[in-house]
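Note sheet for the following structure.
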Amino acid sequence: MAVINILQAINASLKEEMQKDDRIVVLGEDVGRLGGVFRVTDGLLKEFGENRVIDTPLSETGIIGISIGMAIYGLIPIAEIQFQDFIFTAFEEIVNHLAKMRYRSGGQFTAHVVIRTPYGGGVKGGHYHSQSGEAYFAHTAGLKVVIPSTPYDAKGLLKAAIRDQDPVIFMEPKKIYRAIKEEVPDDDYIVPLGKSRIVKEGYDVSIYSYGAMVHVALEAAELASREGYNVEIIDLRTLIPLDIQTIINSVKKTGRAIILHEAPKTLGFGAEISALISEKAIEYLKAPIIRVTGFDTPFPYTLENLYMPNAQRVLKAIKHVMSY
């Protein structure tokens, strides 16, 4: 097995799936000659040619609209939006057409489309290159939302997304594109959508997270262990479909829940986890549910490190629920 990072894992996943299925087409701004703004699609144009790796005009609306048309005619488009912040110009195409194609056509058509997009802060990208908009898509019925946190998951989850018949938003935490390396099988495998991962077992408090924040949770768990607290960490992997049972099983064991994400707090995905726990396991709680998140402000360029949750903020939350 090769030791690779998340970026390389996604590249390998794209290449292997394109080799197996000639219906797969990659399109987006600079995905061909440049190999993508982060080089995720590097080498695909050379191997698969201009008919399957297509550089598009600077129009996110056009990229998604064309992808929907391709899918209706039997292709499997994988669209890249260079930064998730730019996806909002294509929001109408995604919410009103991509997400609803199966329903509005009475099941005659699906929209077999994957939208890949880097998201999140931590790379000094500024206001318009750092946002975390997962809640917008998780709130839209008809979409699946996937966020990997490791190279192994990135490769396996993307393969599962490409083979899924319905539209998938595949959000890539760019802060850890190159920061995390691990052994990844050369053989074909998938990580099923809708199944979370228990990153670390524990019995005092459950932390639910995804993307780059999973690694912040691990740092916090290490700090907490020095003070005698045993933390369980759940990587949600897919927000939609959500592995509700693993969430509930964990909080029934620990009795304490912390939700960690870098998107703003109000109406973020943490609110959904909190509501689920309240509905299904409130009698097991020993302390209030805590959300550790970004702040309810536009993403701040100069205060990036203050805005994004860190291990100390999570440790503070752990101490709070443990002493409640």
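Annotation: of all residues in region 1-36 being part of a loop (DSSP other than H, G, I, E, B) and open to solvent by 50 Å² or more (accessible area, probe 1.4 Å), the one that is nearest to Pro57 (Cα to Cα) is Asp30.
Figure legend. Inter-residue proximity from region 86-97: first residues under 14 Å from Gly28 (Cα atoms), second residues open to solvent by 60 Å² or more (accessible area, probe 1.4 Å), beta-carbon distance below 9 Å, spacing 6+ or different chains. Indicated pairs: Phe86/Tyr128; Ile87/Tyr136. Entry remark, region 63-95: residues being in a helix (DSSP H, G or I) and not aromatic (Phe, Trp, Tyr) number 19 in total.
Inclusion of Asp55 among residues that are open to solvent by 50 Å² or more (accessible area, probe 1.4 Å), touching a residue at least 12 places away in the same chain (Cβ under 8 Å) and either more than 22 Å from Pro167 (Cβ to Cβ) or not polar (S, T, N, Q) (or both) is warranted. Within region 299-322, residues that are under 17 Å from Ala263 (Cβ atoms) and modelled with pLDDT of 95 or more sit with their Cβ atoms under 8 Å from residues that are in a helix (DSSP H, G or I) and aliphatic (A, V, I, L, M), at 6+ positions apart or across chains, in these pairs: Pro309/Met213; Pro309/Val216; Asn310/Val216; Val314/Val216; Val314/Ala217; Val314/Ala220. Applying a threshold of 7 Å to beta carbon distances and a minimum spacing of six or more residues, or different chains, the list of pairs starting in region 121-134 at a residue that is touching a residue at least 12 places away in the same chain (Cβ under 8 Å) and within 18 Å of Val216 (Cβ to Cβ) and ending at one that is open to solvent by 30 Å² or more (accessible area, probe 1.4 Å) and outside any loop (DSSP other than H, G, I, E, B) reads Gly121/Lys175; Gly122/Lys175; Val123/Lys175. Each residue in region 135-170 was checked for being open to solvent by less than 10 Å² (accessible area, probe 1.4 Å) and in contact with a helix residue (DSSP H, G or I) (Cβ under 6 Å, 6 or more places away or on another chain), and 15 of them qualify. Of all residues in region 96-124, those satisfying the criterion of being open to solvent by 30 Å² or more (accessible area, probe 1.4 Å), assigned to a loop (DSSP other than H, G, I, E, B) and out of contact with any helix residue (DSSP H, G or I) (no Cβ under 7 Å at 6 or more places or on another chain) are Lys100, Gly106, Gly107, Gln108.
The values are calculated or read from the model by the stated rules, or taken from the named source; none is laboratory data. Not measured: the values here are computed from a predicted model. Quick reminder, even Gly has a Cβ in these numbers, built from the backbone with ideal geometry, and neighbours come from all protein chains shown. Ligands, DNA and RNA are excluded from the accessible area calculation, which covers all protein heavy atoms including side chains. Shrake-Rupley method; radii C 1.70, N 1.55, O 1.52, S 1.80 Å.
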